[in-house]
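Any read-out appearing in this document is the output of simple, stated calculations on the displayed coordinates, not a laboratory observation. Everything quoted here is computed from the prediction, not taken from an experiment. Don't worry about glycine lacking a Cβ; one is built from the backbone with ideal geometry, like all the others, and counts go over all protein chains shown.
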Amino acid sequence: MHQKRKADHLRISLEEDIQFEGLTTGFERYQFIHQALPEMELKEVDLSLSLFGKRLEAPLIISSMTGGIEPAERINRNLARAAQKMGVAMGVGSLRPAIDAPSLARTYQVREVAPDILLFANLGAVQLNYGYGIEECRRAVEMIEADALILHLNPLQECLQERGNTNFSGLLAQIEKVCHHLAVPVMVKEVGWGISEEVARSLAQAGVAGIDVAGAGGTSWSEVERYRAPNEAMKNIAAAFAQWGIPTADSIRRARKGAPEVALIASGGVRTGVDVAKAIALGADAAALATPLLKAADASCEAVVEKLHEIIQELRITSFCIGARNLRELKETPHLREREP
């Protein structure tokens with residue numbers, strides 16, 4: 001059943017229009033004030049940073065996307081090779097299929113082609129209420145030689161799936177236990193409906209090392225589930241949530257307020273280097289992308305490298321045109337303003 005669901009998700013993500021309807025990331029509400037005299041050279045812009053003890057050449061993470069099915073092996077390797085080449089981080093899709101059937105582990109294993117990257121393992125946090133514990137989290141990390149673990153939160157998605165896992169009670173205490181007993185940092189992410197200030201605060205107090213807001217405005221998983229719905233009623237229920245969620249730009253600000261000290265990742269509809277720059281100026285430490293890279297990875301490693309190169313160059317030019325020499329200056333820039341309504 002896992003494999004059918006994974007295959008459906010991958011096919012729908014590649015073939016269908018699954019963007020939010022009438023709900024945007026909010027990035028378009030912000031504008032950088034162009035500085036015609038940046039007093040520096042473009043190549044002086046330094047986009048590097050240290051995240052979870054690893055150096056990245058640019059503040060980018062290839063978001064968790066797939067695994068557990070045949071096509072995923074090729075896609076994950078294309079993504080990983082590109083991440084290694086460009087010096088960026090990467091997450092894999094949920095490792096639950098491989099925990100349940102270890103023969104599927106190879107569809108996630110990318111270390112041999114990407115020995116140096118910051119690599120995230122990934123499990124659904126709700127599985128901690130369905131028999132998973134520290135041991136499974138440890139196995140997920142060891143299985144792919146990951147540097148950190150992502151626990152993802154997807155309450156709405158579980159509600160929209162046939163026989164979804166909807167018991168989210170007492171989950172914070174379970175997440176806290178994992179944070180305190182796992183040898184690697186733990187990051188918590190949404191899957192596309194955003195993290196609120198209250199949830200960010202609770203997660204920070206529980207000891208998470210990072211939060212990925214995964215806000216609304218990019219790929220809508222309620223739309224993905226609508227395509228998979230087994231009957232008309234389930235389709236209608238999924239369709240009712242086409243505009244649900246906290247837009248990414250708002251979620252960054254809210255989560256940063258709730259969790260001022262943790263590493264904050266912005267994802268959800270991040271499509272260009274200008275979006276990445278806005279995300280960082282709004283309070284994120286790095287940004288993560290999925291959809292623009294999935295289609296590239298389905299083609300080749302070179303297509304992913306090309307796309308990453310584009311995004312990094314856009315980010316570099318944005319920083320240059322507001323006179324920000326590095327990510328600290330970009331984060332503290334006085335040159336981002338909200339557009340007049």
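Below, the figures for the structure above:
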{"quantity": "Ranking of THR24, THR219, THR333 by count of other Cβ atoms within 10 Å, fewest first", "calculated": "THR24, THR333, THR219"}
{"quantity": "³J(HN,Hα), Karplus 6.51/-1.76/1.60, whole Hz, each residue of region 161-167, x for Gly, Pro", "calculated": "9, 4, 6, x, 8, 10, 8"}
{"quantity": "Distance from region 118-150 to region 56-105 (C-alpha centre basis), Å", "calculated": "14"}
{"quantity": "Under 17 Å from the Cα of LYS278 - aspartates and glutamates, other chains or at least 8 residues apart", "calculated": "GLU28, ASP46, ASP212, ASP250, GLU310, GLU314, GLU329, GLU332, GLU338, GLU340"}
{"quantity": "Kirkwood hydrodynamic radius of the chain, from inverse mean 1/r over distinct Cα pairs, in Å", "calculated": "20.0"}
{"quantity": "In sequence order, calculated HN-Hα J values of region 116-132 (Karplus, 6.51, -1.76, 1.60; Hz; x Gly/Pro)", "calculated": "9, 6, 6, 10, 9, 7, 7, 9, x, 4, 4, 4, 5, 9, 10, x, 7"}
{"quantity": "Gain upon complete extension [ASP46, ILE317; 0.36 nm per residue less C-alpha separation]", "calculated": "96.4 nm"}
{"quantity": "Among ILE265, PRO102, LEU282 the positive-end extreme of the charge dipole of the chain (Cβ point charges)", "calculated": "PRO102"}
{"quantity": "Sequence of LYS43, LYS278 once ranked by neighbouring C-beta atoms within 10 Å, starting from the fewest", "calculated": "LYS43, LYS278"}
{"quantity": "Length added when fully stretched, ARG29-ALA173, from 0.36 nm per residue minus Cα-Cα", "calculated": "48.2 nm"}
{"quantity": "Extension gain, GLU145 back to GLU329 (0.36 nm per residue minus Cα-Cα distance, nm)", "calculated": "62.9 nm"}
{"quantity": "Distance cut-off 20 Å, percentage of C-alpha pairs in region 261-340 lying past it", "calculated": "35"}
{"quantity": "Anchor LYS235: lysines whose Cα lies under 23 Å away (excluding residues fewer than 8 positions away in-chain)", "calculated": "LYS4, LYS6"}
{"quantity": "Compactness of region 165-296 as Cα Rg over 2.2 N^0.38 Å, two decimals", "calculated": "1.11"}
